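Have a look at the structure below before the remarks.
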Amino acid sequence: QVHLVESGGGLVQPGGSLTLSCAAAGTIFEIYSMGWFRQAPGKQRELVARIPDGGSITYADSVRGRFTISGAGGKKVTLQMNNLKPEDTAVYYCTAQGGVDYWGEGTLVTVSS
């Protein structure tokens, strides 16, 4: 079993930056990929970025060039978000892939002036 704990959400003005962090605990040896999804009000949950062990990083088109994901071998994943836009407002969920998919509880990011 893997437990994910997120931190770093909050309120930021358009054009600002935030960093989200997610730490994994438990049976972390089974994790082969970590990433971030987000869900805005009234919308489906969508992939933001994923970093697999030894594989290519994936970004959503809407965040490529503004967000950067980095990881530490299935133990921690960080999402650096720059030039934030109001449409980035959402609950951001950390996810880890192992024997099953694991999810954090989510952290709210609000981009507003």
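Each peptide in 60-66, 16-22, 70-76 was scored by the mean count of other Cβ atoms within 10 Å over its residues; highest first, the order is 16-22, 70-76, 60-66. Residues in the range 70-76 carry Karplus couplings, in order, of 9, x, 9, x, x, 10, 8 Hz; the curve used is 6.51 cos²θ - 1.76 cosθ + 1.60 with θ = phi - 60°, and Gly or Pro positions show x.
Under the classification rounded if a/c is under 1.5, otherwise prolate if a/b is larger than b/c and oblate if not, where does the chain fall, given a ≥ b ≥ c as square roots of the Cα gyration tensor eigenvalues? Intermediate results must be reported in sequence, preceding the final value.
On the way: a/c = 1.95, a/b = 1.69, b/c = 1.15.
It comes out prolate by the Cα gyration axes.
Could you state the accessible area per residue of the chain in Å², with a 1.4 Å probe and every protein chain left in place?
Numbers: 5820 Å² over 113 residues.
For the chain, the solvent-accessible area averages 51 Å² per residue.
Near residue 58, once Lys and Arg are set to +1 and Asp and Glu to -1 for all other residues with Cβ below 10 Å from its Cβ, the sum equals +2. For the range 43-113, the relative contact order comes to 20 percent (Cα pairs under 8 Å, sequence separation of at least 6).
Counting protein heavy atoms only, the range 5-113 has 51 percent of its accessible area on carbon and sulfur, 1.4 angstrom probe.
The values are calculated or read from the model by the stated rules, or taken from the named source; none is laboratory data. Computed from a predicted structure; not experimentally measured. Every residue, glycine among them, receives a Cβ derived from its backbone with ideal geometry; neighbour counts consider all protein chains shown. Heads up: the accessible areas ignore ligands, DNA and RNA and are worked out on the full protein's heavy atoms, side chains in. Shrake-Rupley method; radii C 1.70, N 1.55, O 1.52, S 1.80 Å.
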